[in-house]
Amino acid sequence: MVDLAINGIAGRMGRTLVDRAAEREDVTVRCGIDVDTDADLSVAVYDPAETAQALSEHDPDVLIDFTVPDATVDVAQACADAGVALVVGTTGFEDDQLAVLDSVSAAVPVLKATNFSRGIQALRRALGPALEALPDYDVELLETHHNAKRDAPSGTAKTLLSDIETHREFDTVAGREGIQPREDDEIGMLVRRAGDIRGEHELLLAGNDEVLTLTHRAEDRGVFAAGALDAAVWVAGQDPGRYDFGDAIDAS
Ligand code: NAD
């Protein structure tokens with residue numbers, strides 16, 4: 001049994017984690033942290049200023065964080081001080097914030113992923129062979145998320161661009177406007193925000209007479225929650241260091 005704390009427990013992902021954890025026998029949510037302490041939840045919810053107290057009183061093995069980057073940085077330091085492993089799903093970090101996660105990982109295991117769905121992990125592994133097989137094809141990336149998403153392009157889209165970079169050199173073009181013909185070595189990065197769409201990513205490779213698309217669509221936030229809970233169970237037994245969701249998947 002792995003004991004959990006959830007940072008951002010009152011949010012979309014926080015609540016989904018609580019629901020999905022209740023269906024499992026390998027995890028228990030002991031407490032939550034959120035600026036919204038009035039949230040109607042089945043566990044105690046602490047204000048961020050009380051994070052050290054929450055960790056001390058409930059002694060979780062792992063804290064799962066789905067918040068905003070500033071909050072992640074603060075809670076990461078508290079986890080290092082308390083010896084609590086960290087799973088980070090939050091996206092939109094600046095380099096200096098990522099450096100804090102790196103430094104925290106000297107004290108506790110830190111598993112961070114921009115996407116906790118197994119389908120996206122499979123897409124990441126499939127894109128390399130596709131790019132290698134179609135070296136001259138144009139590549140474009142489209143992502144679509146709900147209208148409350150803060151960061152753009154999505155963390156997943158940035159991860160996919162970084163994966164593509166290991167196979168091709170390119171410049172990223174954020175949308176197109178006016179007279180802007182496509183250059184050979186560019187990838188158009190297109191972003192849509194609408195409704196409550198959980199998350200869609202489409203990688204398009206086009207030659208002159210054919211088109212290949214690799215598309216992933218998350219149909220329920222439960223898919224991210226399930227992956228984050230799997231990651232928490234795995235990371236609870238690891239040494240301090242930085243890990244990705246792929247490490248947890250490979251181990252299982
Ligand atoms: P949300 O806005 O619904 O929830 C965020 C929660 O964090 C809110 O309840 C908010 O009150 C809380 N919060 C804000 N500041 C805080 C602080 N200082 N301390 C503690 N809690 C604080 O957002 P969401 O849809 O749940 O997404 C959260 C993050 O997770 C975003 O960055 C999103 O991009 C990311 N996300 C990642 C994945 C993945 O698979 N990695 C999946 C979905 C969402």
Look through region 222-252, keep the residues that are in a strand (DSSP E or B) and within 16 Å of the chain's Cα centre (by Cα), and return whichever of them is surrounded by the most Cβ atoms within 10 Å (Cβ to Cβ).
243
Name the residues in region 16-34 that are open to solvent by less than 80 Å² (accessible area, probe 1.4 Å) and of a type outside the set (D, E, K, R), would you?
16, 17, 18, 21, 27, 28, 29, 31, 32, 33
Among (1) at pLDDT 95 or above; (2) in contact with a strand residue (DSSP E or B) (Cβ under 7 Å, 6 or more places away or on another chain) - the single one residue 176 does not satisfy
(1)
Would you be able to say whether some residue in region 18-32 is near the ligand (Cβ under 8 Å from one of its atoms) and within 22 Å of the chain's Cα centre (by Cα)?
no
Search result, residues across region 9-35 that are farther than 18 Å from residue 235 by Cβ and outside any helix (DSSP H, G or I):
9, 10, 11, 23, 25, 31, 32, 33, 34, 35
Would you say residue 73 is within 14 Å of the ligand (Cβ to nearest atom), over 21 Å from the mean Cα position of the chain (by Cα) and outside any loop (DSSP other than H, G, I, E, B)?
no
Among the numbered criteria (1) assigned to a helix (DSSP H, G or I); (2) within 10 Å of the ligand (Cβ to nearest atom); (3) touching a residue at least 12 places away in the same chain (Cβ under 8 Å), which single criterion is violated by residue 49?
(3)
Conditions (1) within 26 Å of residue 15 (Cα to Cα); (2) open to solvent by 30 Å² or more (accessible area, probe 1.4 Å); (3) touching a Pro at 6+ places or on another chain (Cβ under 9 Å): number failed by residue 219
(3)
Name the strands (runs of 3 or more DSSP E) wholly within region 87-200 that hold at least 3 residues that are out of contact with any Phe, Trp or Tyr (no Cβ under 9 Å at 6 or more places or on another chain) and surrounded by 12 or more Cβ atoms within 10 Å (Cβ to Cβ)?
138-145, 186-193
Tell me, please, whether a residue that is among the charged types (D, E, K, R) and either under 28 Å from residue 244 (Cβ atoms) or open to solvent by less than 10 Å² (accessible area, probe 1.4 Å) (or both) can be found in region 5-15.
yes
Given the conditions (1) part of a loop (DSSP other than H, G, I, E, B); (2) buried (at least 16 other Cβ atoms within 10 Å of the Cβ); (3) modelled with pLDDT of 95 or more; (4) more than 9 Å from the ligand (Cβ to nearest atom), and given that residue 41 satisfies all but one, which numbered condition is not satisfied?
(3)
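The values are calculated or read from the model by the stated rules, or taken from the named source; none is laboratory data. This structure is a prediction, so every number in the text was calculated from the model and none was measured. Positions of Cβ are generated from backbone atoms using ideal geometry, with glycine treated the same way; all protein chains shown enter the neighbour counts. The protein model used for the area step is the full one, side chains on, heavy atoms only, and it has no ligands, DNA or RNA in it. Shrake-Rupley method; radii C 1.70, N 1.55, O 1.52, S 1.80 Å.
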